[in-house]
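Take a look at the structure below.
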Amino acid sequence: MKTKVTLIIGAAVVAMYSCDTKNYTEEDRIQVTENLKNYVDSVESAVKIVPVHNWSVIEERYDSLDSRAEKVYNDLKVEDENLEMIEERYETVVKNAKAESENFERTAKMHMDNVESWWDKTTANVEKGAKNTSEDIEEATQESLTWLEKNFDKLGDESKKKYEEITKELHKD
């Protein structure tokens, strides 16, 4: 009985080990390298279009692809600078994109604060009988509204909501 249990446990360990390791081929190495490179290309393209992203999801996917590539490379006992170059490129893309994202967020906040400040100031005048219209907008505030409109799809949800509320009120009548 003890021998049967030992054999079953031994077989389970061998089965688990054999599932985790595989004899990879050169074709596998090429494929995982290409997958990693393509992913970095797609991240690079995406950050050029929209500056704000969910970095934890992006990094999780990259780590998964990188881990898979490293398994293949290690199994083949291949040392190739390709993975290191792709990793360096990825890190540069992410670093630059995060800086761009922070800059975008700062700029969006500045424009939204400008519009809100103007809105609060002129809304107080409405109570005194003045009318709040799009013709009354100061030049700097108009620049902010134009910037916010141009970048609307890239704004956070809260900024989008504030922008929509203010422009809706401005275009009444």
Reported set for the range 141-173 where residues are in contact (Cβ under 8 Å) with a residue 40 or more places away in the chain, closer than 14 Å to E105 by Cα, assigned to a helix (DSSP H, G or I) and not aliphatic (A, V, I, L, M) is W147, D153, K154, S159
Can you find a residue in the range 125-134 that is more than 11 Å from A108 (Cα to Cα), modelled with pLDDT of 80 or more, surrounded by 13 or more Cβ atoms within 10 Å (Cβ to Cβ) and in contact with a helix residue (DSSP H, G or I) (Cβ under 6 Å, 6 or more places away or on another chain)?
no
Is at least one residue of the range 97-118 at pLDDT below 85 and out of contact with any Ser or Thr (no Cβ under 6 Å at 6 or more places or on another chain)?
no
Any residue at all in the range 85-93 that is modelled with pLDDT of 90 or more, more than 18 Å from H53 (Cα to Cα) and open to solvent by less than 70 Å² (accessible area, probe 1.4 Å)?
yes
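The values are calculated or read from the model by the stated rules, or taken from the named source; none is laboratory data. Every value quoted in this text rests on a predicted model; they were computed, and no experiment measured them. Here the Cβ is made from the backbone with ideal geometry for all residues, glycine too, and neighbour counts use every protein chain on show. For accessibility, only protein heavy atoms count, side chains too; no ligands or nucleic acids. Shrake-Rupley method; radii C 1.70, N 1.55, O 1.52, S 1.80 Å.
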